[in-house]
Amino acid sequence: MMRIATVQLCRSLLMLIGAGMPLAQGWANPYDCLIEPNQTVELRSPVEGVIQSVLVRRGDRVRAGQVLVNLESAVEQSSVDLARYRSQVVGRLDSARNRLDYASKKYQRLAELNRKNFVSEQVSDEAAAEQRLSESAYQEAKEELEVARLEYRLAMQVLSRRALRSPFDGVVVDRFLNPGDLAESGAGRKPILKLAQVKPLRVEVVLPIEAYGKVKRLSKAQITPEALGGRYAATVTIVDSVFDSASGTFGVRLELPNTGASLPAGVHCKADFPALRNLTSLADKPQNPAR
């Protein structure tokens with residue numbers, strides 16, 4: 001939806017620029033374009049909770065994985081501590097292992113004595129049964145310890161959801177909630193932060209239908225931001241295959257690396273396509289004489 005709105009905005013601007021001009025002048029290379037963030041996200045909490053701290057402000061640069069917001073998590077932290085303790089308790093497992101070792105040695109001794117007819121068959125069978133029961137108790141203790149370790153992992157994952165992290169390297173566009181506010185989960189709820197990825201940037205351009213087939217994926221272009229100066233190399237990543245019939249145009253998206261994140265987003269620009277420098281518009285083409 002955002003890409004459609006951007007392309008429509010570009011088309012509207014270009015139609016205003018080209019209003020009252022011949023087509024060759026209105027669509028001359030370099031073409032009008034718009035530099036935008038590669039992606040924009042609204043950071044919301046996956047769980048409901050009171051915000052304990054917001055660690056960034058509008059305009060701050062953030063890194064992928066950086067903690068931006070902490071929710072109150074005393075209860076979840078206590079659950080983690082309890083689960084960690086249970087996952088480290090091995091007393092029952094050691095006890096079951098010792099009983100199994102004793103039962104195994106006892107059975108081996110009695111089985112040897114039974115072969116020499118020093119003890120009855122019943123005594124040997126009871127020792128074998130005791131060994132099997134000890135094996136079951138030892139296996140049960142191992143399984144309970146593994147369950148405790150899984151519960152500890154689950155508690156850690158629940159706790160991790162109380163800390164919201166940046167999904168990419170970018171910049172904080174806006175901050176909507178503050179410490180003490182209630183962060184609500186679910187669609188339609190108020191976000192906490194709005195983030196924009198500005199490395200790389202994307203460039204949206206609307207080209208006339210005559211340019212179709214000449215600009216292809218991985219084609220290069222030179223981008224000149226308005227009022228900022230400088231020329232930046234960009235690469236075509238998307239060429240629309242569905243045209244706008246009303247204006248006779250199609251959209252193209254380019255990726256601008258923006259090394260060092262020095263170039264801001266939301267800037268009008270000019271895109272110079274080497275492949276279109278010799279493009280002849282419809283206005284320049286000779287008209288067929290009427291017959």
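Throughout, read-outs are computed from the coordinates displayed, never taken from laboratory work. Quantities reported herein were computed from a predicted structural model and do not represent experimental measurements. Every residue, glycine as well, gets a Cβ built from its backbone with ideal geometry; the counts of neighbours run over all protein chains shown.
Descriptive notes on the structure:
- Checked against a 28 Å cut-off, the cross-linked pairs LYS194/LYS216; LYS216/LYS270; LYS105/LYS142; LYS199/LYS220; LYS194/LYS220 give Cα-Cα distances beyond that limit for LYS194/LYS216; LYS194/LYS220.
- When you filter the chymotrypsin sites (Phe, Trp or Tyr not before Pro) in region 104-208 for DSSP loop state and at most 10 other Cβ atoms inside 10 Å of their Cβ, you are left with PHE118.
- From the alpha carbon centroid of region 196-260 to that of region 127-190 is 44 Å.
- Net length gained if the chain between GLN66 and SER241 were fully extended (0.36 nm per residue, minus Cα distance): 59.2 nm
- Sparse packing (at most 14 other Cβ atoms within 10 Å of the Cβ) combined with a DSSP loop state is found for the following trypsin sites (Lys or Arg not before Pro) in region 59-141: ARG63, LYS116.
- Near-label residues of region 126-149 by backbone N, under 19 Å of a point 7 Å along Cα→Cβ of ARG97: 131-149
- Ascending count of other beta-carbon atoms within 10 Å, so fewest first, for ILE192, ILE51: ILE51, ILE192
- Expressed to the nearest 5 percent, the antiparallel share of DSSP beta bridges inside region 150-245 is 90 percent.
- Whole-angstrom Cα spans of region 71-132 along principal axes, big to small: 72, 14, 9
- For the chain, adding -39500 (n - 2.57) for each run of n ≥ 4 DSSP H residues and dividing by the number of residues yields -12000 deg cm²/dmol at 222 nm.
- In the chain, the longest principal axis of the Cα atoms and the axis of helix 91-115 are about 50 degrees apart.
- For SER104 and ARG149, a Förster radius of 22 Å and the Cβ-Cβ distance give a FRET efficiency of 0.25, rounded to the nearest 0.05.
- Computed over region 74-160: relative contact order in percent, which uses C-alpha pairs under 8 Å that are six or more apart: 52
- Taking N as its residue count, the alpha carbon Rg of the chain over 2.2 N^0.38 Å: 1.83
- Neighbour cut-off at most 15 other Cβ (10 Å), DSSP loop, trypsin sites (Lys or Arg not before Pro), region 194-279: LYS214, LYS216, ARG217, ARG231, ARG277
- With a Förster radius of 41 Å applied to the C-beta separation of GLN157 and ARG132, the computed FRET efficiency comes to 0.60.
- Normalising the average separation of contacting C-alpha pairs (under 8 angstrom, six or more residues apart) by the number of residues puts the relative contact order of the chain at 30 percent.
- Viscosity 0.692 mPa s, 37 °C: Kirkwood-radius Stokes-Einstein D of region 122-213 over Cα pairs, µm²/s: 162
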